[in-house]
Amino acid sequence: MSALSFELKGKPDQRLDLSPLVPERLKDLKAKDIEALTIGSTRVPLTVGDAFKLKGNDPSEIRFVGTDGRCDKIGAGLKDGTILVEGDVGAYLGAGMKRGKIEVKGNAGVLAGASMAGGSIAVSGDADERAGGILVGETMGMKGGLLAIGGNAGPMVGERMRRGLVIVEGDAGDYAGGRMIAGTILLKRKVGRGAGYGLRRGSMILVEEPKDLLPTFGDCGVMEFDYLRLLEHWLHEAGKNIKLGGRARRLMGDMSVLGKGEMLILA
Amino acid sequence: MADLKLKGVTIVETFAEAFPMVGTRIIITAPSQEWAMIAARTMTGFATSVIACGAEAGIERILSPDETLDGRPGVAVLLFTMDADKLQRQLRNRVGQCVLTSPGSACFAGLEGEKKLKLGASLRFFGDGWQMSKLVGGRRFWRIPVMDGELLCEATTGLTKKAVGGGNLLVLGKTHAAVLAASQRAVKAIDEVEGVITPFPGGIVRSGSKVGSKYKGQIASTNDAYCPTLKAAVKTALPLDVEAVMEIVIDGLTKESIAKAMHAGIHAIAEGGADQGITHITAGNYGGNLGPHHFHLKEIVA
């Protein structure tokens, strides 16, 4: 058995909805049936066979090759298995996924990992706005799991998230952690304006102090956090060597809402 | 009776009778090994016997920083009682009064277990609404604000119903000093065994008890058969030249760990041979009708 792979034949002339291409949906289908699945998003019909060249036969391990920013909803609603993408992806990467693992070697469009409930997503490049954020019609953003962004994140990363961990290795845009209910966001470089806007509970761990702190965050000063040591240890076990140390400056907020959230700025 | 001899020390052909218990393990960490040990010792204080302490507890072993979840020095603690409700109450009270209060401490689960006991899940109320819950790697932790920062405490720890209490060895010898030295050697050897503790002072009991008493309401009383001062008056178990007897009581998470500990203990006691004043190694039982676990010394020593 080798990974079931989908190689994009050429630049598609419409956006693709690739949400049917998840292990759960493909496990009992023959190659011919898979090729007949419709993935178009306009009135012009488009099937998997039209857009992709198929290879391999193990649907628990799916590969996309040569994809671009018009390939939407890859791994959306994923319940198990792994998806590896060699190329960029469009909107809704792994949106609402519950379990499983998605790895993208490229950039992701808007709403990557939006309202995901579990599993893990790793994007090697940048992620556009609202990564780990909230899907239309949902009451909450990310609800669990791990979203790791190797590059920069757009505005409103982790918007309205409830649980889980978002890691941004690069810079984050404006309103990072906006309206967060709970959960953890680890931001390794610069953040834009309005970080933690409307933060109720949850932790934003920042390596660099934001240039523009909201006045509705209150300073508690620098102190020891065993929690950071625990998190560092767990990240290390998960193969991510991120030095957090045990000391941080704690800012509580957003006091304009519940105010039980925190920014931990590493000291 | 052809008793077995080990380096001249008689291994009496008898068995230790032990009882089922429920047990748990927690890991305490702190900024230094010294402070982890202080918290652990405090938590396991006054926990020699369930007869009047409510629990039997002890320090299992020291953990290096790379063995703990937060990368700080730690100590593994075992706690045993006769049923799960009592264990839950003892755990809450002991961690709440002794670990929560100890500077810089944190507290983690040390056992998967068949069932869960609340740890941080009950201590969190100390936070008065300021506590924070964090899920890290699928495990829930509570961060409770305290005067030196935060107590980090895992929400639950595991409980095992397969624990065994009351594994024991009796050391008989010609001088008090010899018996004490041999017993200390045994405790040291047992310390190396995983999953066991010796809950009594320094691991040693000098006042072994029998069930019942001539006095109403006294549930246990001195084990007169092993009291050297009463040899002439009671049905004694001691030869005339035995001056002192000490007992090592062992609680463990499994019956296999008790057997291993008793094995290590017997060999450590007999290490110096009969020349050092140890005459017999025996074990305590109640005729075999009370406890389901019987550890026969003859089998253990092999």
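Computed quantities for the displayed model
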read-out	value
Flag if B:VAL193 is touching a residue at least 60 places away in the same chain (Cβ under 8 Å), closer than 25 Å to B:GLY58 by Cα, assigned to a loop (DSSP other than H, G, I, E, B) and of a type in the set (A, V, I, L, M, F, W, C)	yes
Residue list for the stretch B:198-237, restricted to those being within 21 Å of B:GLY288 (Cα to Cα) and of a type in the set (A, V, I, L, M, F, W, C)	B:VAL211, B:ILE219, B:ALA220, B:ALA225, B:ALA237
When residues of the stretch A:33-73 are limited to those that are of a type in the set (S, T, N, Q) and within 26 Å of the chain's Cα centre (by Cα), the one surrounded by the fewest Cβ atoms within 10 Å (Cβ to Cβ)	A:THR38
Test set (1) aliphatic (A, V, I, L, M); (2) within 26 Å of B:GLY149 (Cα to Cα); (3) crowded, with 24+ Cβ neighbours inside 10 Å - A:MET156 fails condition number	(2)
Given (1) surrounded by fewer than 22 Cβ atoms within 10 Å (Cβ to Cβ); (2) assigned to a strand (DSSP E or B), number of the condition A:LYS79 does not satisfy	(2)
Filter pass, B:GLY71 being assigned to a loop (DSSP other than H, G, I, E, B) and free of Cβ contacts under 8 Å to residues at least 12 places away in the same chain	yes
Within the stretch B:99-139, strands (runs of 3 or more DSSP E) holding 3 or more residues that are under 24 Å from the mean Cα position of the chain (by Cα) and crowded, with 21+ Cβ neighbours inside 10 Å	B:106-109
Residue that is touching a helix residue (DSSP H, G or I) at 6+ places or on another chain (Cβ under 6 Å), outside any loop (DSSP other than H, G, I, E, B) and crowded, with 18+ Cβ neighbours inside 10 Å, where the choices are B:ILE59, B:ILE27, B:ILE38	B:ILE59
Top-ranked residue in the stretch A:246-255 [being within 11 Å of chain B (Cβ to nearest Cβ) and among the small types (Gly, Ala, Ser); ranked as nearest to B:ASP70 (Cα to Cα)]	A:GLY246
Output for the stretch A:21-73, where each listed residue is on the phi > 0 side of the Ramachandran plot and part of a strand (DSSP E or B)	A:GLY66
Sole residue being in contact with a Ser or Thr (Cβ under 8 Å, 6 or more places away or on another chain), of a type in the set (Asp, Glu) and closer than 23 Å to A:LEU111 by Cβ, chosen from A:GLU61, A:GLU24, A:GLU86	A:GLU86
Residue count, the stretch A:101-128 (criterion: farther than 22 Å from A:GLY66 by Cβ and either of a type in the set (Ser, Thr, Tyr) or in contact with a strand residue (DSSP E or B) (Cβ under 8 Å, 6 or more places away or on another chain) (or both))	7
Residue list for the stretch A:196-245, filter: part of a strand (DSSP E or B), within 28 Å of A:SER256 (Cβ to Cβ) and facing another protein chain (nearest Cβ under 9 Å)	A:SER203, A:MET223
From B:ILE258, B:ILE248, residue being in contact with a Gly (Cβ under 9 Å, 6 or more places away or on another chain) and assigned to a strand (DSSP E or B)	B:ILE248
Among residues of the stretch A:153-175, those that are outside any loop (DSSP other than H, G, I, E, B), within 14 Å of chain B (Cβ to nearest Cβ) and hydrophobic (A, V, I, L, M, F, W, C), counted	3
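So that you can scan it fast, the table gives a plain yes or no per residue for (1) outside any strand (DSSP E or B); (2) closer than 28 Å to A:GLY183 by Cβ; (3) within 10 Å of the chain's Cα centre (by Cα); (4) modelled with pLDDT of 95 or more:
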| site | (1), (2), (3), (4) |
| --- | --- |
| A:GLY75 | yes, yes, no, yes |
| A:VAL89 | yes, yes, no, yes |
| A:GLU103 | no, yes, no, yes |
| A:LEU111 | yes, yes, yes, yes |
| A:ALA117 | yes, yes, no, yes |
| A:GLU129 | yes, yes, no, yes |
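The values are calculated or read from the model by the stated rules, or taken from the named source; none is laboratory data. Source: prediction; values computed, not measured. Neighbour counts are summed over all protein chains in view; Cβ atoms, including those assigned to glycine, are modelled from backbone coordinates with ideal geometry.
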